Amino acid sequence: MQKLYLSILLLVTLPLSVATAQETKPQSTPVLVNAQNGKLICELVPGNTSIEFIGTHVGDKPKPRLGGFKKFTGQVEIADGKPVAFNVDMEITSIWTEFDNLTKHLMNADFFEANKFPKSKFESTSIRFGKDGNCTIQGKLTLHGVEGDFEFPAKYQSTDQGFLLTSEFKLDRTKFGMTKMTEGVAAAVTVSMSIGKPTRGVKSKAGNGSDASDKKSSLEDSKVEGEKVTINLPAMT
């Protein structure tokens, strides 16, 4: 009788827990596109866009560490439903991670040297288009006081409701003067960007129609399994 009761209880509560998890997971919402000086512009702010990274340790235990930026501004120019120009300016001092000590370490002389190089920016010079909304954005990246050519893949979608874009790529920090701690921390960092999904911990404002809560913001869209962090990202083709 007890086993029967437990089975019924599971059948009743499981769908509820699944539904709750689906409701709390941040959803991508198209970002509004507005006319400015004869151009169609999509404004990027932390309330409608997320820029995140995952750093790993060298060796058999990579211990992935999730982080991102809470302050930045940017624009995407749209023409014929396609992104034709892209730029973003980030405040390095707005870095967040899951651990306060790690956040402080990333901002010191071993990594970003945020007091010396408080800003980072990317400005596109050209965009190559592929099939099914795929493209490659080429431009100039300034990071840690070093400017260099950089390109990354992206997938975009333009609708009557607005604009969406996702991207995931590797960035070699040593190419931009961040050459310390390479014996313990991998040079390649995985960077992800989502236009249409608010920055963790930052409530969205008018612009994409969503309202992201800052509760449990550090891990709302990820699963932590021991020392491994798995991020749910749109598939790139």
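Within a Cβ distance under 14 Å of Phe129, other residues only, what is the Lys/Arg minus Asp/Glu net charge? Working shown, then result.
Values: positive: Lys82, Arg128, Lys131, Lys155; negative: Asp80, Asp132, Glu151.
That sum, taken over residues with Cβ under 14 Å, equals +1.
Run the count for the stretch 85-177, please: Lys pairs, Cα-Cα under 30 angstrom, 8 or more apart or on different chains.
Here the count comes out as 26.
Keeping all protein chains in place, calculate the accessible area per residue for the stretch 29-80 (probe 1.4 angstrom), answer in Å². Display every interim value, and only then the final one.
Numbers: 2560 Å² over 52 residues.
Accessible surface, normalised per residue, equals 49 Å².
Give me the net charge for the shell around Glu77: Cβ to Cβ below 12 angstrom, other residues only, Lys and Arg +1, Asp and Glu -1.
Details: positive: Lys39, Lys82; negative: Glu43, Asp80, Glu123.
Within the 12 Å Cβ shell, the charges total -1.
Any idea which of Leu44, Gly67, Asn34 is furthest toward the positive side of the dipole for the stretch 30-95, if Lys and Arg beta-carbons carry +1 and Asp and Glu beta-carbons -1?
Farthest along the dipole direction, towards plus: Gly67.
Please list 121-133, 167-179 highest first by mean number of surrounding beta-carbon atoms within 10 Å per residue.
Order by mean packing, descending: 167-179, 121-133.
Residue-wise, which Karplus ³J(HN,Hα) couplings in Hz belong to the stretch 92-101, taking 6.51 cos²θ - 1.76 cosθ + 1.60, θ = phi - 60°, and x for glycine or proline?
4, 5, 9, 4, 10, 9, 7, 10, 4, 5
The values are calculated or read from the model by the stated rules, or taken from the named source; none is laboratory data. Note that the structure is a prediction, hence the values are computed from the model and not measured. We place every Cβ from the backbone using ideal geometry, glycine too, and count neighbours over all the protein chains shown. In case anyone asks, the SASA skips ligands and DNA or RNA and just uses the protein heavy atoms, side chains included. Shrake-Rupley method; radii C 1.70, N 1.55, O 1.52, S 1.80 Å.
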